[in-house]
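The values are calculated or read from the model by the stated rules, or taken from the named source; none is laboratory data. Please read all numbers here as calculations on a predicted model, not as lab measurements. Positions of Cβ are generated from backbone atoms using ideal geometry, with glycine treated the same way; all protein chains shown enter the neighbour counts. We work out accessible area using only protein heavy atoms, side chains counted, and drop any ligands, DNA or RNA first. Shrake-Rupley method; radii C 1.70, N 1.55, O 1.52, S 1.80 Å.
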Amino acid sequence: MDFIVKLAEGFINLFQTGADTFIGWMGSIVPLVLMLLIAMNTLIQLIGENRINKIAQKSAGNPLLRYMVLPFLGSFMLANPMLHSLGRFLPEKYKPSYFAAAGQFAHTSNGIFPHINPAELFIFLGIASGIQQLGLPMTDLAIRYLLVGLVMNFIGGWITDFTTSYVEKQQKVKLSKKVHIEG
Amino acid sequence: MSKKVKIVKGSGGFGGPLVIGVNGKKDKVMYVTGGHKPAIVDKICEITGASSVNGFETSVPEDEIMVAVIDCGGTLRCGIYPQKGIPTVNIMATGKSGPLRQYITEDIYVSNVDVDQVSVAGEAEGAEQASETVQQASSEETEKEEKTEQEATYSKDKKIMETRAEQENKSLLTKIGLGAGKVINTFYQASRDAVETMLHTVIPFMGFVALLIGIIQGSGIGDLFANIMSPLAGNIWGLMIIGFVCSLPFLSPLLGPGGVIGQVLGTLIGVEIGKGNIPPNLALPALFAINTQNAADFIPVGLGLAEAETKTIEVGVPSVLYSRFLNGVPRVFVAWLASFGLYK
């Protein structure tokens, strides 16, 4: 009999640990992320999409603008996945590189600005919850994540310029370097 | 004339039934499933006479897509095609979720579909649909009639605010009122969106991850995991190996969907950090190591959003996979350098 009781306790314990973790998050992370989401959503609505589109049009010429400034602002303003739509203002040749950088900005900025990619928040939060458990501040990690991202995502986009040239040669095609916008 | 295909949802799925057939230029079944071809694609093609296209390797003009077949776990792709008005079949059991969830509706989206859910559409259903459209048309007419009756200052289908906003000569007071109302409305709508995101996207994932943590910690598997994870994630070389494996060009598109694998890996490492088995400063390189495959499954869709030409997508997919591979391990290393002095 004792054995069955022990077994049942052990079984329930599996879910109790999960439940404690869950309610811990509901009390700490959920309200904070919710408030951030509301504030950011409002800000984005008030600023409007047109302004960021204008910046995108001017960013085509310079790699630093193209793979650092534009995807950083774009991820903040349009969030995932619409930030990829800003690539339409760039020449065909640079679209893969912009995608490469933008896809990474959708994560590295996500620690401080969770509205960018709430669906994949646990990439950051999974690791950060360990930090929180130790009683250390998550913000330190989030800021360094963002800063390292800022540099390395730019390099990632820039490297893609070269891999694109390589694949162009492989497939014997040439992508246009001129901007082409319909409408 | 070729037949139409009827697709119903599988158990636990969402949406449908969809009845689709070749219609003019729309004669392509596009599948964006990380490379492999689901069996339902062949069956749909067999019934309707459409041709299949691997959307991961090439792109198809949107107006030629009859139906899109995807395997999205609930983050992005499941909303993108419905948003463009393309009927979408998901082989996963994903319902309304992700940032584009408002576009996922029963009349354009069906999920958890396997071969058994795909069948030839019977004629009875066709007739049923026709009668439905007739009903819809008649109800629209009655609505129009109602609208023409209302031409007074305030109409019953508009609030006073809306009527005022349409008037040309606004007094200062009205302008202030409208402005304040607009700001408050923006806040309120933002809040509604945010709560929706939390309820449908973040909290479900939390529940899943919390259960996972519970089982790992409560069952003793945790100790086993600690034995595997600590030597791997507990030093920079192990992290670089994780980053290297995740960025392999033939593996990365398979690890990508929904970021689920990265999120589970992150949680496992987080648990070990919390227990003190992994030093906290390694959290930073770990963030980069578990995510070197970042968005690798999403390349054709993302380039599609950027209105890229077919040629660009064909070049772009391998190009981004290579660049992810090239800068994957260096990212982890740089993050490790940047982690000096963190939590000391």
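General remarks:
- Shielding by partners for peptide A:137-150, expressed as the average number of C-beta atoms from other protein chains within 10 Å of each residue's C-beta, is 4.
- The stretch A:107-183 versus the stretch B:250-319: alpha-carbon centroid distance in Å: 9 Å
- Residue-normalised accessible area of the protein assembly as shown, given per residue in Å² at a 1.4 Å probe: 47 Å²
- Using C-alpha pairs below 8 Å separated by at least 6 residues, the relative contact order for the stretch A:1-107 is 22 percent.
- The listed peptides B:281-288, B:15-22, B:191-198, ordered by packing as a protection proxy, come out as B:281-288, B:15-22, B:191-198 (highest mean of other Cβ atoms within 10 Å first).
- Rounded, prolate or oblate (a/c below 1.5 giving rounded, otherwise prolate when a/b exceeds b/c) for the stretch A:31-173 by Cα gyration tensor: oblate
- Partner chain coverage, peptide B:291-299 - average Cβ within 10 angstrom: 5
- Helix A:122-133 vs. chain A, principal-axis angle (Cα, 0 to 90°, nearest 10): 40 degrees
- The charge dipole of the stretch B:279-344, taken about the Cα centre with unit charges on the Cβ atoms of Lys, Arg (+1) and Asp, Glu (-1), comes to about 380 debye, rounded to the nearest 20.
- Spin-label pair A:PHE3/A:ILE23, simplified geometry with 7 Å Cα→Cβ offset, distance in nm: 3.3 nm
- Counting only residues at least eight positions apart within a chain, or on another chain, the lysines with an alpha carbon under 20 Å from that of B:LYS275 are B:LYS344.
- Note on B:275-282: average number of Cβ atoms from other chains within 10 Å of each residue's Cβ is 3.
- Over chain A, DSSP H runs of length four or greater, each weighted -39,500 (n - 2.57), average out per residue to a 222 nm ellipticity of -23500 deg cm²/dmol.
- Residue separation of B:ASP42 and B:TYR343 scaled by 0.36 nm, minus their Cα-Cα distance, works out to 102.9 nm of gained length.
- Axis angle, to the nearest 10 degrees, between helix A:138-171 and the longest C-alpha principal axis of chain A: 40 degrees.
- Heavy atoms of B:LYS26 accessible to a 1.4 Å probe, total area in Å² rounded to 10: 80 Å²
- Within-14-Å neighbourhood charge of A:SER129 [Cβ basis; K, R +1; D, E -1]: -1
- The chymotrypsin sites (Phe, Trp or Tyr not before Pro) of the stretch B:186-275 that meet both conditions, a loop assignment by DSSP and at most 10 other Cβ atoms within 10 Å of the site Cβ, are B:PHE250.
- Three-way shape label, the protein assembly as shown, alpha-carbon gyration tensor, a/c 1.5: rounded
- In the protein assembly as shown, taking the dipole from charged Cβ atoms about the Cα centre, the farthest positive-side position among B:GLY179, B:GLY220, B:GLY13 is held by B:GLY179.
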